[in-house]
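As structure tokens, the structure follows; a few thoughts come after it.
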Amino acid sequence: MLTIAIEAAKEAGKFLKYNVGRVKSIETKKGEERNLVSEIDKGSEERIISIIKRHYPHHAILAEESGASPDLSGSDYKWVIDPLDGTTNFLHGLPIFCVTIGIEYKGEIVAGVVYDPNLDELFTAEKGSGAFLNGKRLKVTSSSKLIDSLLVTGFPYDIAENPDNAIGHFVNFLMEARGIRRLGSAALDLSYVAAGRFDGFWEVNLNPWDMAAGILFVREAGGSVTDFAGSESTIYNKQVLATNGIIHDAMLTVLSKGFR
Ligand code: IPD
Ligand code: CA
Ligand code: CA
């Protein structure tokens, strides 16, 4: 299955890269003026699903643009797909975006892929076997203090209405960490925590497809992933805190402050 996920992610990734600057139609989603979707997001998803269906026609699918496959809800397997993570970057020609696919078995993510076509970086993991970047094993950092840590976050599209303290957390971490970045692709943020490029990542409102592969990468690379209360996270939680494990408690303490 991982081989098929890699094939689908690479094919979709090449399609995305080719289509930078060639987008014809941009729409908004859920009535949110910042939440955009193009025919390229949809075309990428169609390519991924057609490859999966060719090999596993009876597996369930949960994909950002076409939703869940209700007819296959009895399947033990579910492919969780974001055909373009980093849509805003993509639409602006900023080369920070990826394709991400997670494979769930009986409710648990057992394998995942993130493919970044701009850097030709392929992140992969199978549960219990480690996480890899282009075949090289990944390990989280060993930073133990926030002041030595480079953190990353993202903001929800409904930032103006979202009650979840996104701005408050951002300001609080600015005061504590060495630096903060906002890349615009949650799947890459998580992959980069696994790869030791960031020490920690938090975000207040994500969807399962943003995190399905990335959460597995962080855990397989030796890190921790929880909600903001410190409980073990699944891809169906909205909040996520993913770290090297060592700074996890310090980040939880900052998150508990909210706007204060
Ligand atoms: C978004 C990106 C972004 C995050 C948003 C996501 P999309 O996904 O992952 O980094 O801050 O919350 O919705 O819309 O580009 O697939
Ligand atoms: Ca996404
Ligand atoms: Ca997307």
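What follows is calculated from the coordinates using simple rules that are stated; it is not laboratory data. Keep in mind that this is a model prediction, so the values were computed, not measured. Because the Cβ atoms are built from the backbone with ideal geometry, glycine has one as well, and the counts that use them run over all protein chains shown.
Within the chain, what's the longest run with no chymotrypsin sites (Phe, Trp or Tyr not before Pro) in a DSSP loop and at most 13 other beta-carbon atoms within 10 Å? Give the range, please.
That gives 1-235 as the longest site-free run.
Mind pulling the angle between the C-alpha long axis of helix 208-220 and the longest principal axis of the chain? Nearest 10 degrees, somewhere in 0 to 90.
The two axes meet at around 60 degrees.
With only Lys, Arg, Asp and Glu charged, each at its Cβ (+1 for the first two, -1 for the last two), find how big the charge dipole of the chain is about the Cα centre; round to the nearest 20 debye.
In total the dipole reaches around 560 debye.
Would you kindly state how much longer the chain becomes between Asp71 and Ser50 on full extension, computed as 0.36 nm times their sequence separation minus their alpha carbon distance, in nm to one decimal?
Contour length minus the Cα-Cα distance gives 5.9 nm.
Which aspartates and glutamates have a Cα lying under 19 Å from the Cα of Lys30, excluding residues fewer than 8 positions away in the same chain?
By straight Cα distance, Lys30 reaches Glu39, Asp41, Glu45, Glu64, Glu65, Asp82, Asp85, Asp158, Glu161, Asp164, Asp210.
Give a residue-ordered list of calculated ³J(HN,Hα) values for the stretch 120-132 (Karplus: 6.51 cos²θ - 1.76 cosθ + 1.60, θ = phi - 60°; whole Hz; x for Gly, Pro).
These are the phi-based 3J(HN,Hα) values: 6, 9, 10, 9, 9, 7, 10, 4, x, 10, x, 10, 9 Hz.
Just to check I understand the Karplus step: with θ = phi - 60° and J = 6.51 cos²θ - 1.76 cosθ + 1.60, what whole-Hz values come out for the stretch 149-159, glycine and proline as x?
10, 9, 10, 9, 8, x, 10, x, 4, 9, 3
On a 0 to 90° scale, report how tilted helix 39-55 is relative to the longest principal axis of the chain, with both axes built from alpha carbons and the result rounded to the nearest 10.
70
Work out, step by step, the length gained on full extension between Ile167 and Arg197: first 0.36 nm times the residue separation, then minus their alpha carbon distance; give nm to one decimal.
8.5 nm
With each run of n ≥ 4 DSSP H residues scored as -39500 (n - 2.57), what mean residue ellipticity at 222 nm is computed for the chain after dividing by its residue count and rounding to the nearest 500 deg cm²/dmol?
Computed ellipticity for the chain at 222 nm equals -9500 deg cm²/dmol.
Give the residue list of trypsin sites (Lys or Arg not before Pro) in the stretch 35-113 that are DSSP loop and have at most 16 other beta-carbon atoms within 10 angstrom.
Lys106
Between helix 2-18 and the chain, what is the angle of the helix's C-alpha long axis to the longest principal axis, kept within 0 to 90° and rounded to the nearest 10?
With rounding to tens, the tilt is 90 degrees.
Less than 23 Å apart at the alpha-carbon level, and either on another chain or at least 8 residues along: which lysines does that give for Lys14?
Correct list for Lys14: Lys24, Lys42, Lys53, Lys136.
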